[in-house]
Structure formats: C-alpha cells, structure tokens
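Just so you know, all these numbers are worked out from the coordinates, no wet-lab data involved. Note that the structure is predicted; figures quoted are calculated from it, not measured. Quick reminder, even Gly has a Cβ in these numbers, built from the backbone with ideal geometry, and neighbours come from all protein chains shown.
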Amino acid sequence: MTAECSLKLSKRLKHLDQMVGSGYSHIWDCCCDHGFLGMTLLSRQAAEYVHFVDIVPKLMQEVTANLQRFYPHYISQWHTHCIDVATLPLQQYQGRHLVIIAGVGGDLMMQFVEQIHTAFPQLAIDFLLCPVHHHYALRQTLIKLDFSLYKETLVEDNQRIYEILLVSSAPDKTRKIHAVGEFIWQPNCEEQSLVATKYLTRTLEHYRRMQQSKDVAHIVHAYQAVTIEYAEVD
Ligand SMILES: C[S@@+](CC[C@H](N)C(=O)[O-])C[C@H]1O[C@@H](n2cnc3c(N)ncnc32)[C@H](O)[C@@H]1O
C-alpha cells in the first residue's frame, strides 16, 4: 500500500464496494483481513464511521498502523476492533448499521449472522454477504430468520463465481429471499448471462456429485427448476 485511494481491489471487493449505498451511520468491515474494502469505503466517505473487525491481533495492529499512516484526515471516522465477529458491539453505536461479511465460508457466515441477530433482535441491521461456498445453506438460514432481500448478484473473479447478497434483518413479505436466488437468474447483459449459465451448471454438478453420499435431492431439484431469463437493457 502506498497512499490513500491507491488500493487495487479485486473484482469481488469492487462489486461489494459498489453495492454499498448511502445513509449508514456505521459500516462494519468484518473479517477485514488487510482492511482494503473498509479503507475504500472510508476514502469515499460511505458512512459516518467505518469499523474494521478481525480476530487476528497482528492483522488488526497492521490495519491500525496503516489507517494512522494513510488516512490521517479521517482519524475520527474509523475504529478497529480485534474481536470475534459474533460479538459485534453494535449497542455502543447509535444509528443505521451495515455489517459486511465476505471471504469466509457460508457455514461460518451463517453462525455470525445468527449470533448477531440473536444479540440484537429488535435492531434492523443490513448485511452485505459474500460467502465462499454453502450459498444454499446460508440462504436457508436467512429465510429461517425471516430476513428480507434488497439485492443479489453474481460476480466472477479469478475463475470463481460468488453470490453477493444485500439483506436486512427486518422482515418484509414483498422482498422474500429465495432458496436458490431469483434476480441472479435474470441477467441484463450478455456477460452476466454467461456468468449465470456457468454458475448454474457448476452448482448443479456440485450437488449431483454430492448426491452420491448425501441426501441433497431437494437441492438438485430446486436448481434444476431454475431458468435463466436474459433481458437485455438498452
Ligand atoms: C480470507 S479473509 C477475508 C478478507 C476479506 N473480507 C475478503 O473478502 O477478501 C478471512 C478473514 O476472516 C478472519 N476471521 C476468521 N474468523 C473470524 C472471526 N470469528 N471473527 C473475526 N474475524 C475472523 C480471518 O482472520 C481472516 O483475516
């Protein structure tokens, strides 16, 4: 890292950055690792405060040192927390929260989301989630918790395809989360259509392989029922 704003984000992290809208008091870059996403959000003043969270002390010391060095103008707008994501201290901060969790397995992510929601059942929290694997199980958890959907998209980065979900812990019957996704199968350009087709093929192959040792027939059926509806937008 050389200076503020010179971060070269991966395609996946760029997509996550683009999905962060305005109006948040606190954005939590959880499992932040080197903190690149949070630093990008800080640079563009995406929220009043950006929080960097990771469980590894050495990483958080480095992130803190880099923030002090490269972001001196924003010194009162960031906080670093060397804690387990499951224990986010949201009660200490007033206002609207966006919790970003990316780059960890969907199984771990399910636990984090459930633990945070259990700790703050009355708080409407937005979550921006980008798991590695276990998308179906993560969606099942979000449905069980009665979360609602704002946006979902697919991003291909370095030969892998990721789902990104922007959801809220506040229930809304008009914005239900679908078990295998809905809008991710409605691409509006040729590139997205190719990504969706590839993702559907890979996902079906994955669950068909798994079917040899586990009862996942219902998941195979759910993905088999998906049709990709490509509607080009001028
Ligand atoms: C692969 S990095 C993800 C970095 C970044 N979020 C991304 O999407 O590229 C995963 C990070 O999660 C952190 N992590 C794992 N379990 C955690 C937990 N329970 N609480 C906080 N951080 C955790 C690890 O220390 C590591 O830095």
Checklist line | Pairwise label distance in nanometres, Lys198 with Thr64, each label 7 Å out on the Cα-Cβ vector | finding: 4.1
Check: Given the Cα-Cα distance of His34 and Ala225 and 0.36 nm per residue of separation, how much length would full extension add, in nm?
Finding: 64.8 nm
Checklist line | Sequence-distant aspartates and glutamates (8 or more away, or on other chains) whose Cα lies within less than 13 Å of Lys8 | finding: Asp17
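Suppose R0 equals 22 Å; then what is the FRET efficiency for Ile143 and Leu123 from their Cβ-Cβ distance, rounded to the nearest 0.05? Each step should come with its number before you reach the end.
Details: r = 19 Å, r/R0 = 0.89.
Computed FRET efficiency for Ile143 and Leu123 comes out at 0.65.
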Check: Fully extended, how many nm does the chain gain between Met210 and Gln115 (0.36 nm per residue separation, minus their Cα-Cα distance)?
Finding: 31.4 nm
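Full extension from Glu190 to Arg96: what is 0.36 nm times the residue separation minus their Cα-Cα distance, to one decimal in nm? Provide the component values of the computation, followed by the final result.
Values: separation 94, 0.36 × 94 = 33.84 nm, distance 3.59 nm.
Length gained between Glu190 and Arg96: 30.2 nm.
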